[in-house]
Every structure is written in C-alpha cells, then in structure tokens.
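Heads up, the thing below is written out as structure tokens.
The values are calculated or read from the model by the stated rules, or taken from the named source; none is laboratory data. Remember, predicted model here, so these are calculated numbers, not experimental data. Glycine gets a Cβ as well: all are built from the backbone with ideal geometry, and neighbour counts include every protein chain shown.
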Amino acid sequence: MEEIEARLLRAISETPQAVESDAFAKSAGVEHGAVVGLMKSLLTSDFVTAEEVPHSRLVLTAEGREYLDKGSPEAQVFAAIPAEGATKGELKRKLGALADVGLSQAMRQRWVAVDKAPAKAPASEPAAHGNAGKKDKKKDKGENDRIIREADGIVDEVQQQLHAVVSGQALDAGVAEALRKRKLAVAEAWKTYRLGCGPKFALERRRAAADLTADMISKGTWRDKEFKQYNFDALGRPPACGALHPLLKVRAQIRKVFTNMGFQEMPSNAFVESSFWNFDALFQPQQHPARDAHDTFFLARPATTPLERIPADYVARVRSVHESGGFGSTGYGGPWREAEAEKNLLRTHTTAVSTRMLYALAARGFRPARLFSIDRVFRNEAVDRTHLAEFHQIEGLMCDEGLTLGNLVWTLQTFFKRLGLEKLRFKPAYNPYTEPSMEIFSYSEELGKWMEVGNSGMFRPEMLRPMGLPEGVNVIAWGLSLERPTMILYGIDNIRDLFGHRVSLSMVKRNPICRLGYSSGEPGGSGGEGELTPAASR
Ligand code: PHE
C-alpha cells in the first residue's frame, strides 16, 4: 500500500484536481475501496483534498444473476423446444415458472410460435382424449397448445447485456431501461472522488514510528526513522489484569476479622492429606460413613502415607484411644487398622490443618493460641446449584486452659457479628471430634427465617490428650463455608457461576468490592452497616 500511496501522490502532483479515485484504482490494479481508505488517511493528514463525484451504476438482481448464468428465459424456452415442438404443459414441467415469461418473450422475438396445424396428441398427453380432455382444455388455458421453433438459431442478447453489466461496460440507455423494467438490474448510487493537493501536500508521507522495534535496532533503520512524540494527555487504557475473584475478596475481609480478633493464620496449602490427620487424629471412627469413597476422594497415586512419618508414640496413643479409650472415654472397642489411617485423600475439612497445628503446639510445649484458616476442601458430592465437590472452609480455633462453652458462645457471637450476623441461635449437634457440638443459626430478616451459618464445638479429650495437650487445656472451634456468604454478598444464586469452569471472567473483572457488615465486635455493641444476612456453612 505504501507503493500505491507514492503513486497516488505522484499522480496528484502531476495533474492536481484531475485524479479520479476509480480511474486511479483501475490503473493501479487495486480495489476502489482500498484507494478510498488511503484517501481518508491522507485527508486526515491534510495531504490531499477530495471532491465527491456522484455516479449511478446498474447492478444485477438475483434474477438477473440467474439468467446471466443459465441464459434468459426466452433462450431457455427456445432451447427446450425440440424439432417436433412441445406443448406449453411440457415446457412448464421442464422449466417451471420460467416457461410463461420465456414463452411470451420468445414469441415477441418470433423465435417460437403456436403451431396452428392440428396435431395428433401424443400418447403421453392423456388430457387430449375424450371428455376429460375437453374439460381440461378449458381449464388449462392452452396447456396443450403446441409450440414450435420459428427461428433456426438465436442469439441471447439479454444474457450478453447482463454480462456487459457485470463487467462494467457502458450500456445503451434503452437497453439499461429494458433490463430495469424486467427487474434484472437496478440502479445503484455510488461515489468516486476527485483528488487534489491538500495544505500539507508532499510527495512522500513519512509515518512516525510508535515503537522502537528489535528489527530497527538490528538493521540500524532507527537512525532515519521519525518517532511519534509521547502523548501525555492520552486518556490511557484500563489494565485487563489483576482483578480479584469475589471469593478472594471476601476471604481478605474475613482474614481481617480474624486478625483484628488476634487470630493467626495456619499454613493450609496442603490439599492432599492422610486419613490419619483428616480422620484418625480427630477420633473419627474408622467405620465412619464419611470415610467411604462415596463421600471422600481417595488418592490412587500415591495411595498411602506410611505411618512411620508420624511420631510412633503419638500413633500408638491414637490407636489406643480408638481401641480402648482413655481420658474418661471407652473408645470404639474394635481394632484400629493402620492401613485405613495410611490412605491418602483430598482433605474433607480444614480441621485436618487445625489438628496438625494443635499437635505441633503440644509438641513444642503448650502455649495459648488463636488460629484460623480459609482454604479449599473436597467432598465427593453430586454438584448442584448450591454444592460443589470442592469449596472453601473458614475455620477458627482458640486453645487455652479452662476454656468453656460460654467462651465459645462469646467468640461465635463476636465473630459472626463482625460478619454482619447479629441474631444467633445454637442447636446441639454431633461431630465425632467435638463434644459438645453446636450448629450455628442466624436469623435472616430478608428471608424471615433462621439459616444455618456454621458448625462448632469443643474438641474432645480423645483428640487433644493423645497429642500431649495438658489436662485442663481446651479447644473451642468453628467452621463455615466461604462460598455461601460470598454468593449472598455478590447476589450469585448458582454456585457454579462463582467457582469452576463456567465462571465468566467478566464477572470477575467487573464485580465491585462488597463489604461485610462490620461492627465494633463486642456482643451487644452497636451494629455494622450493610449486613450480610443469610450466610451459611455446610
Ligand atoms: N469440620 C467441620 C465441618 O467440616 C467444621 C467444624 C470445625 C466443626 C471445627 C466443629 C469444629 O463442617
């Protein structure tokens, strides 16, 4: 195109105001549209002036294009008539709707005529026999008239004219009118441009480069390039990167709630866990239904984590508490199998992380702790609009001497209040690893009902004592899902639109920051704004 531009500028300088865009396009062997594009860009740089020249040209209709291809209807009719002639009916069957137009045109041209001599109807024309024939003859408006050729040969001038139209040849005004009347062509308005020198006309337009390329450096062409100036007034461009997913934003806020309450985050990045840490260390019986492959994803490779990796005395104490109890418990009374505890799985709850942390805390020598995690867990579940096979759990725990159920209630009220949930109610529940256990319900003003928002409890001595946590040290803990509060905050009603392969990236890019209803935190204190009403856990 640069070469064409140079040619165009030369042509304009030689005969200003006389270069016509269409003629130039033809002489340069390019499309008219390409010259118009070039002209527009030259216009904006004030290189040229352009004056519109209106034109009208014929273009073929669909019907015209068909006859260009197959011949005019009259020519088709002529070609369809054999030496012995044919009836109108036969022609219609052969040519369809074309036959009528073709016949009348062909007759006007005297290419064909109706045979006046009475002919014997051929056997294939049953309509010409007897009464039925007579009856049909009235109805068929000359269907059985025999048409014969009158000319020896013909020249399909219409087809030639159509050809002249598409190849842009000049047509006689009468011919053009006839084609328009037959609706084989229509007039179409179009424009060309007469080009002249603009105020900044020159024979060469040097395009300033926007970027210094590797090529320019290696070839040394940068030396005689002109570079575009920086435009510091440009509006800029919004970056497409770095948008946080809603789950990450809500996680960041919940993390803030925990840290403001003095909690430290646990390292929760190991998704693969052994059954020992996910179940056995939590005093979850080996026959528990959650340990079935229908509920848990077990790993095929590596299928196990050898128990040798865990201090033998701890494993022995866990075995003993399962088999025969202790610490005021009778245990489960059956054999505890190592093979079961060695099975690898995708952790089903972040309580596995809490368990490892509590064991580490005991091993280092007990000190009070407030810990939390917000990370991914996996359950072998049927996926529906509220359930996924992987989701995120929020989990908090406090470990200290003499903690009571009253401390758990205060902690839950403080925590959930900071999430915007003020009205809480607790219901006794069962977890293998907590006693007592409480489900947490929150009243949704919006829905006018109590919604389950989490699960909690005090870890059992059967879990804590084998770790070596001293007598008198208790752990209060609770858990909830990250997805449900996020869905409520962002108004997402199908979990698959929040997480997984169906998530739309534009949802991630465009969503605003939704804040949890935040408050001073002490139960009974003044409430926060923008409440998160029906949150929940699983
Ligand atoms: N692990 C529990 C769950 O998966 C949550 C929970 C955590 C319950 C801590 C009690 C104590 O739902």
Margin query: Given the criteria more than 30 Å from residue 146 (Cα to Cα), touching a helix residue (DSSP H, G or I) at 6+ places or on another chain (Cβ under 6 Å) and buried (at least 17 other Cβ atoms within 10 Å of the Cβ), does residue 77 qualify?
Written below: no
Next item on the list: Scan segment 433-454 for residues that are within 36 Å of the chain's Cα centre (by Cα) and within 11 Å of the ligand (Cβ to nearest atom) and jot them down.
Entry: 452, 454
Next item on the list: Test residue 214 against the criterion of being hydrophobic (A, V, I, L, M, F, W, C) and touching a residue at least 12 places away in the same chain (Cβ under 8 Å), and give yes or no.
Entry: no
Item checked: Where a residue in segment 347-366 is part of a helix (DSSP H, G or I) and its partner, wherever it lies, is crowded, with 19+ Cβ neighbours inside 10 Å and among the β-branched types (Val, Ile, Thr), with Cβ under 8 Å and at least six apart -> 358/475
Next item on the list: Say whether the condition of being away from the ligand (no atom under 14 Å from the Cβ), over 26 Å from residue 262 (Cβ atoms) and under 35 Å from the mean Cα position of the chain (by Cα) is met by at least one residue in segment 400-422.
Entry: no
Check: Restricting attention to segment 475-496, and to residues there that are within 16 Å of the ligand (Cβ to nearest atom) and of a type in the set (A, V, I, L, M, F, W, C), which single residue is farthest from the chain's Cα centre (by Cα)?
Finding: 475
Check: Which residues, taken from segment 346-388, are of a type in the set (D, E, K, R) and within 11 Å of the ligand (Cβ to nearest atom)?
Finding: 347, 379
Checklist line | Residues of segment 420-434 that turn out to be touching a residue at least 12 places away in the same chain (Cβ under 8 Å), under 26 Å from residue 282 (Cβ atoms) and not basic (Lys, Arg), as a count | finding: 7
Next item on the list: State all residues of segment 183-203 that are surrounded by 11 or more Cβ atoms within 10 Å (Cβ to Cβ), in contact with a helix residue (DSSP H, G or I) (Cβ under 8 Å, 6 or more places away or on another chain) and either in a loop (DSSP other than H, G, I, E, B) or free of Cβ contacts under 8 Å to residues at least 60 places away in the same chain (or both); if no residue qualifies, say none.
Entry: 183, 184, 198, 201, 202
Next item on the list: Looking for whichever is in contact with a His (Cβ under 7 Å, 6 or more places away or on another chain) and without any contact (Cβ under 8 Å) to a residue 60 or more places away in the chain here; the options are 25, 106. Which one fits?
Entry: 25
Next item on the list: Would you please list the contacts, defined by Cβ atoms under 8 Å and residues six or more apart or on different chains, that run from a residue in segment 502-516 that is surrounded by 10 or more Cβ atoms within 10 Å (Cβ to Cβ) to a residue that is among the polar types (S, T, N, Q)?
Entry: 515/253; 516/253
Checklist line | Filter result (of a type in the set (A, V, I, L, M) and farther than 16 Å from residue 315 by Cα) within segment 341-356 | finding: 345, 346, 353
Note to self: Take the conditions at pLDDT below 90, surrounded by 12 or more Cβ atoms within 10 Å (Cβ to Cβ) and under 30 Å from residue 353 (Cα atoms) and apply them to residue 243. Does it pass?
What the structure shows: yes
Checklist line | Conditions (1) over 30 Å from residue 262 (Cα atoms); (2) within 16 Å of the ligand (Cβ to nearest atom): number failed by residue 343 | finding: (2)
